[in-house]
Amino acid sequence: MAGRYDSNPFDEDDVNPFAHPGSVPPASNSWLSPLPPEPADFYNDYGATIDIPLDKAKDLKKKEKELQVKEAELIKREKELKRREDAANRAGIIIEEKNWPPFFPIIHHDIESEIPIHLQRLQYIAFASFLGLVACLFWNIIAVTVAWIEGGGVKIWFLAILYFISGSPCAYVFWYQPLYRAMRTESALKFGWFFLFYSLHICFCVYSAVAPPIIFEGKSLTGFFPAIDVISNSVLAGVFYFIGFGLFCLESLLSIWIIQQVYMYFRGSGKAVKMKQEAAVGALRAAF
């Protein structure tokens, strides 16, 4: 029978890591591997200094001064620009930035931001009328070019080019821009300017739709009479002329509707009386 205090054969050998100072117990008897030694000031490296060369410090100060000078110049320019804008606004001068068409801005056009909401629809339709006139005159060039190729002569082609390069900018300057400014500023005189030249625009469109050989060279406009004359010689050219005739008819009808709507707004908003008053004041100023 074994003794009372015999050792248990299943017990592991106790290893005291402090039994032998300066010695490391065997790896086979330890659960964790020892960590590598670290420097004493690894976590408290507050005394480390970074040496910056004096030349670099001078360059940084120089660049900082240059940036400050540029910033001061920009602030000065912004103040000057703001002063000019305020002076222009007080004088009633409107600075218009060209923004249309987006790919090649040549005019200022921003109905959504500058025209009152209740007038935006009418202004958009008026702009469609302007673009419609440009399309009619451009199609007129194409149709007359076909007629020229079919033996119509070069004179009518030069006249068609002249109608386009003069009619499009004149329409914008003389009636669309006055309407745009009248809608934006509620100016009665601008409305009167629009009515005068838009009436001439309607007369031109109606005349072009008929195109009797009275004033202009008959075949230089794609009207009804030239279309009948041309189709007898060339069916292709006649088809192009009849399409132009249809475009001028649509432009005429749209223009008549627009001038009616603008006139109804003009009378209903009391601009007619205001225009008479402004005209009277202008006449007195001119007299004195």
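What FRET efficiency would be calculated for the residue pair V239, Y265, taking the C-beta separation as r and a Förster radius of 41 Å, to the nearest 0.05?
My answer for the efficiency is 0.55.
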With 32 Å as the limit, write out which pairs from K76/K98; K62/K82; K155/K190 have Cα-Cα distances beyond it, or answer none. K155/K190
I need the calculated FRET efficiency for the pair F104 and K82, taking r as the beta carbon distance and R₀ as 30 Å, to the nearest 0.05. 0.55
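Using packing as a proxy for protection, rank 164-172, 191-199 so that the peptide with the highest average count of other Cβ atoms within 10 Å comes first.
Values: 164-172: 16.0, 191-199: 19.0.
Final packing ranking: 191-199, 164-172.
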In nm, give the distance between the simple-model label positions of K61 and S232, each being 7 Å from the Cα along the Cα-to-Cβ direction. 9.6
Treat each spin label as a single point 7 Å out from the Cα along the C-beta direction, and report the F174 to L162 distance in nm. 1.5
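What FRET efficiency do you get for I149 and E97 if R0 is 35 Å and r is their Cβ-Cβ distance, rounded to the nearest 0.05? Walk me through the numbers on the way to the answer.
Working: r = 43 Å, r/R0 = 1.22.
Once the sixth-power term is evaluated, E becomes 0.25.
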Where the eigenvalues come from the Cα gyration tensor of region 93-245, what are the semi-axes √(5λ) of the equivalent ellipsoid, largest first, in whole Å? 35, 16, 13
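Please identify every one of the GluC sites (Glu not before Pro) in region 165-256 that sits in a loop by DSSP and has no more than 14 other beta carbons within 10 Å of its own beta carbon. Please report the intermediate quantities before stating the final value.
Working: sites: E186, E217, E251; in loops: E186, E217.
Here the sparse-neighbourhood loop sites are E186.
Laboratory data are not the source of any read-out in this text; all were calculated from the coordinates shown. Please read these numbers as outputs of a predicted model, since none were measured by experiment. Backbone-built Cβ (ideal geometry, glycine too); neighbour counts: all protein chains shown.
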